[in-house]
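Visitor: A single structure is presented below for examination.
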Amino acid sequence: MKLKTFKIHEKGLKRFFGPLEAEIMLIVWNENNVTIKKVQTLLRGKKSIHFSTIMTVMNRLVQKEILQKKPQGKAFVYICRFTKDEFFEIQLKQLVYELIDEFGSKVIYHALARLQEVDIQLVKKLEQKVKEVKEARL
């Protein structure tokens, strides 16, 4: 699953999804095994959105291989293919690989420069990972 857009100036899920997609994904992650009607009901407290609009967005998420769609009686249930953490991990990995492919060592340089501002535990984890990479190459 490779999403085509990454919005650098957004936050959280809106970096990867449109506003309605992000709201729907939060609902599906929280509820799992949801129908379009259930999503519509849960969204109704925020705004009025037509059933067909929600169906279109959810089916696009199926096409993007983020959701699975399974028949259940006369309706379909939608299930996440990944947990929220797994989704972010996959997207972050893809983003980092693409940035390194395009910008090379500049990406690593800027990531390291940022270490002055992060938790010392993260620095220790990074040091361990660098050590593992070095040992694997020897």
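Visitor: Would you confirm whether any residue within the stretch 32-45 is open to solvent by less than 70 Å² (accessible area, probe 1.4 Å), under 22 Å from Arg15 (Cβ atoms) and either modelled with pLDDT under 95 or under 22 Å from the mean Cα position of the chain (by Cα) (or both)?
Guide: Within the stretch 32-45, the first condition is being open to solvent by less than 70 Å² (accessible area, probe 1.4 Å), and the residues that meet it are 32, 34-36, 39-40, 43.
Retained after the next criterion (residues that are under 22 Å from Arg15 (Cβ atoms)): 39, 43.
Narrowing the set further to residues that are either modelled with pLDDT under 95 or under 22 Å from the mean Cα position of the chain (by Cα) (or both) leaves 39, 43.
Checking the stretch 32-45: at least one residue is open to solvent by less than 70 Å² (accessible area, probe 1.4 Å), under 22 Å from Arg15 (Cβ atoms) and either modelled with pLDDT under 95 or under 22 Å from the mean Cα position of the chain (by Cα) (or both).
Visitor: Among the listed residues Lys14, Lys74, which satisfies the condition of being of a type in the set (Lys, Arg) and touching a helix residue (DSSP H, G or I) at 6+ places or on another chain (Cβ under 6 Å)? I'd like the intermediate steps shown before the answer.
Guide: Working: Lys74 fails: touching a helix residue (DSSP H, G or I) at 6+ places or on another chain (Cβ under 6 Å).
Of the residues listed, the single one that is of a type in the set (Lys, Arg) and touching a helix residue (DSSP H, G or I) at 6+ places or on another chain (Cβ under 6 Å) is Lys14.
Visitor: Given the conditions (1) surrounded by fewer than 11 Cβ atoms within 10 Å (Cβ to Cβ); (2) at positive phi; (3) among the charged types (D, E, K, R), which single one is not true for Lys129?
Guide: Failing condition for Lys129: (2).
The values are calculated or read from the model by the stated rules, or taken from the named source; none is laboratory data. Since this is a predicted model, take the numbers as computed values, not measurements. We place every Cβ from the backbone using ideal geometry, glycine too, and count neighbours over all the protein chains shown. Accessible surface areas use protein heavy atoms only, side chains included; no ligands, DNA or RNA. Shrake-Rupley method; radii C 1.70, N 1.55, O 1.52, S 1.80 Å.
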